[in-house]
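Taking it in order: structure first as structure tokens, then the write-up.
Laboratory data are not the source of any read-out in this text; all were calculated from the coordinates shown. Here the structure is a predicted model, which is why all the values come from computation and not from measurement. Positions of Cβ are generated from backbone atoms using ideal geometry, with glycine treated the same way; all protein chains shown enter the neighbour counts.
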Amino acid sequence: MKRLLNAFLFLVLTGGVNLSAQRLQPLKIEADILDFYVAEFHSVVKTNPDQFTKVRSVIKEYIENRFEISARRLELLQQLRLLVQRTNSTDEEILRATGEFDKAEADLQANQAKFLSTVAPLLNPRQQARVRIFLQMADRRLLQMINSARNPEGQK
Amino acid sequence: MVSGNQDADAQLVERYLAGDATAFDEMMIRHQRRIYRLCYRFVENHEDAMDLAQDVFIKAFEHLENFRRESSFKTWLCQIALNHCSNHVKRHSQDFVELNEYTGSVRASAQSQLEDREEREQFRRLLQRLPLKQKAILELRINEQLSYEEIAKIFGRSVSTIKASVFFATEKLRKLVKDASKGPEKA
Amino acid sequence: MFGHLKSEDFANLMESSEVPAQWRQHLDSCHRCRTTLESLSAVHDEIISVDEDIPEPDWATFRSSVRDQLFARSVQREASRRRWARWVMRPSAVWALSVMLAVAIPTGAVFWHLQKDHNTESIGLETPRTTSPTELIEAGTDKMVFDDLMQLTESEQEQLHHLLQSAQKGSSHHNEKAP
């Protein structure tokens, strides 16, 4: 048992330095996040059951892409940070990393644009306007909950 | 009469919780108009009022087993509606540019009817300027004709406080009407 | 002010067609109260007439829509409950979580502090965790939300899970209290 624990500790210690740099393990709450966005979408945009069924898969893809792009973006951000801190980084390395980071930023925008254009034909104009509001409000609400999760005492 | 209505509501709640699907329609029919009109008072447009009213009923049915029967079902439902509409207005006041869209049906009418409608439209706009609570109390008392006791229970206040609110709300509206009649810049 | 009608009295009088004798006498002699009552009654009648123009929905469709949404929400809740229950009940997940939490949290904390000391040059690219909630919300863009999500610890994820579950149940607990 002690050997097992030591081995585990060794693994954690050796992996620990890069924990913040690496993509963290897939979030256990990804399904919760998806359900949250689906529920918020339905609440703000007011879909009927038929629209709800069709839009759900689109929202799922949008959220999954956001996770993937964000993970990639965080890794690239960390790489940029390390490259800038290192004195021996070449201009080519920095430019390449900068370009990849900019691409991740662009992918975020493209993901949102794709989501909006995919849901548009399923919704009436008023609902399409509400989708824009949904994007703002859902993110804001989730951010508030994340802050509450981080500071449970401070929120009371 | 009041207690008879309350008994009917109580029986419908029990039937619904026991799985009687027909109770759903009966409960809705009894209260849909009141809740819809109450929601309309907050948003002054048909589509949002419909959405809000639907949300109210969804919340009520989803949490019917938590209904403690300390008040009547009607009172409880009105509380849900008031909370939901207040939250909606507070949440959307920054996101929605125009809350006072008038979506009433357009009918051909005689000139006097049109003028009456325009007057009522202007009055409705002035009514919108009242604080949310005052608007809600006026709607519940004057249009839905809830008793002062019922309204007092909804708001957790005394009957005399509610009566005073009715007075102050009407008085404020009277001043708004008076200022509006002096000229557009005063309204 | 003494002897004039009170706000409660006006509220009662606005609605009733009959004026009690004690007030009738006062109203006959008090121009101020009489004028106030007349103007308030006019506004009161106007409030009633304003309701005539409220467009009403097709009630059958309205009820159908409520029924459908209740059904869709119950399906969604059931699916969510099954997903969470499946993950929590996996024996390997339970074992792994408990061991990792016991070891990784204090170890991670030590290394986080060590790394913080090494990062002497701040280039302002990383969102500081000490940013106040208000600043985060005001500056908030979508990338910040998911960035923060990706950096949550296991316990913070657990906390967020509970918050999301509460959010799903809605704000109905507030509906039983007075507004």
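Over 25 Å between Cα atoms: which of B:Lys59/B:Lys172; A:Lys46/C:Lys169; B:Lys59/B:Lys90; A:Lys54/B:Lys90 fall into that group? Don't skip to the end; give the middle numbers.
On the way: B:Lys59/B:Lys172 33 Å; A:Lys46/C:Lys169 17 Å; B:Lys59/B:Lys90 19 Å; A:Lys54/B:Lys90 30 Å.
Table pairs above 25 Å Cα-Cα are B:Lys59/B:Lys172; A:Lys54/B:Lys90.
Put a dot 7 Å past the Cα of A:Glu68, heading toward its Cβ, do the same for B:Glu149, and the two dots end up 6.4 nm apart. The distance linking segment B:117-187 with segment B:44-59 is 21 Å (Cα centroid to Cα centroid, whole angstrom).
Once R0 is set to 45 Å, what does the formula 1/(1 + (r/R0)^6) return for the Cβ-Cβ distance between A:Lys54 and B:Glu118, expressed as a FRET efficiency to the nearest 0.05? Write out the running numbers ahead of the final one.
Details: r = 42 Å, r/R0 = 0.94.
Once rounded, the FRET efficiency stands at 0.60.
Suppose R0 equals 56 Å. What FRET efficiency, 1/(1 + (r/R0)^6) with r the Cβ-Cβ distance, do A:Glu93 and B:Leu132 give to the nearest 0.05?
Details: r = 59 Å, r/R0 = 1.05.
Working from the Cβ atoms, E equals 0.45.
Residue by residue along C:4-16, Cβ atoms of other protein chains within 10 Å of the local Cβ number 5 on average. Once you reduce segment A:41-59 and segment C:43-67 to the center of their Cα atoms, the two points are 26 Å from each other.
Can you compute the modelled spin-label distance between C:Glu78 and B:Ser86, with each label point 7 Å from Cα toward Cβ, in nm? The two pseudo-label positions are separated by 3.6 nm.
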